[in-house]
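Student: Mind having a look at this structure? Questions to follow.
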Amino acid sequence: METILKLENIHKSYGKKEVLKGVSLDVKKGEIISVLGPSGCGKSTMLNIIAGILSINDGRVILNGKEVTTSKYMMPIEKRDLNMVFQDFALWPHMTARQNILYGLKLHKTDQASCNAKLEQMVSLLHLNGLMDQYPAELSGGQQQRVAIARALVMNPAIVLLDEPLCNLDVQLRIEMRTEMAQIFRSLHTTVFHVTHDPSEAFAMADRIVVMNNGMIDQIASPKECYEKPATAVVAGLLGAGNCIHGIQNNPGDITIADTRVKALSFTGANDVAMYFRPEDVRFSVSALPNSVPIEIIMPTFEGGQWRIKAKTSTGEFVTFLHPEKADEGTHGYLGFDPNRVYAYESITA
Ligand code: ADP
Ligand code: MG
């Protein structure tokens, strides 16, 4: 498939602080890419470099086959075949929704008939009926967001950039909008570069997820692959596997924790390993299970349909798991692992 955007070995520093440490990736035509990473890892920096708002120290950005940014050159933002949707929507407050959406087309001296046709398409696609004469202050957050997306899409850019596009919306609306946005982009075959710190937003939207950590890319893969085979401990942690216990690897995938041997199929070459797993991927029993380690219940918390239970391993590490019933504080039992749902990495001790 045709590559629309290419980042090659991008380095970016603010003063002495390097925030992008050699980032490379490709975005294909019609693809939705979500860059996922914790706050401060460099996502907005990367997006603003693509947009032409920030310079770089090394590497290059290629858009539609053209070099648009190098360490010596920056094509101006308005010459780039892209549009951006900002976190705070950034609609012009003195313009109606219609004027906001059509602003770019008017600037390009598009004739009235084409403007009307485009507007009609956006109104129907983004459910904006009856809102075109309203000013941004008269629109809800969700409506402003739709207008901002319409304003970007109406220009039919080679790529749309979205920086945490849903973080100013309340939870329910966020869940609805992420599915709706993905549907709209897919129906128009829009190429999208989206950044977020919210894994569920990346899962709902992306064809491929780029997981970033501390200015570097840890993994580029489909949401399913990132979830099932997280490439690093950071990816595992970000994607829900917040539990970590340490052990010794005897043979590939054969790990000893205290005196117990367990299997973890995603093995590493290291002897000292850290095993990560999700609260929902383990099973608790008071009697010994295959592939399990002994634990003691510290605290059960009721969560409606299930209990979230904090426990301690015999080696003194704390873990959390989900269980359909209550298990009382002080109860001794076993936590059983699914070898395919335990992610083992070399243990880094500082
Ligand atoms: P993200 O969008 O992933 O939260 P950013 O790209 O905004 O992260 O920031 C990456 C790092 O660079 C952060 O540590 C941030 O504090 C720092 N940073 C961002 N902008 C500037 C700036 N203009 N000057 C100095 N440091 C900055
Ligand atoms: Mg940001």
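Student: Please give me, ordered by residue number, the chymotrypsin sites (Phe, Trp or Tyr not before Pro) of segment 25-108 that lie in loop per DSSP and have at most 13 other Cβ atoms within 10 Å.
Tutor: Taking segment 25-108 and a limit of 13 other Cβ atoms within 10 Å, the loop chymotrypsin sites (Phe, Trp or Tyr not before Pro) found are Y73.
Student: Still on this model: If you plug each phi of segment 262-268 into the Karplus form 6.51 cos²θ - 1.76 cosθ + 1.60 with θ = phi - 60°, what whole-Hz ³J(HN,Hα) values come out, in order, with x for Gly and Pro?
Tutor: Going residue by residue, I get 10, 9, 9, 6, 8, 7, 10 Hz, with x marking Gly and Pro.
Student: When only DSSP loop residues count, what GluC sites (Glu not before Pro) in segment 285-350 have their Cβ near at most 15 other Cβ atoms within 10 Å?
Tutor: E303, E325, E329
Student: Here's another thing I want to ask about it. Excluding the sites themselves, what is the longest stretch of the chain that contains no trypsin sites (Lys or Arg not before Pro) in a DSSP loop with at most 16 other C-beta atoms within 10 Å?
Tutor: Answer from the scan: 110-325.
Student: Show me the GluC sites (Glu not before Pro) within segment 1-70 that DSSP assigns to loop and that have at most 15 other Cβ atoms within 10 Å of their Cβ.
Tutor: Here the sparse-neighbourhood loop sites are E2.
Student: Relative contact order, percent, of the chain when contacts are C-alpha pairs under 8 Å separated by at least 6 residues?
Tutor: 15 percent
Student: Segment 274-350 to segment 175-225: how many Å between their Cα centroids?
Tutor: If we compute the Cα centre of each part, the gap is 30 Å.
Since every read-out is calculated from the coordinates, none of them should be taken as a lab result. Keep in mind the model is a prediction, meaning the values are calculated, not measured. Backbone-built Cβ (ideal geometry, glycine too); neighbour counts: all protein chains shown.
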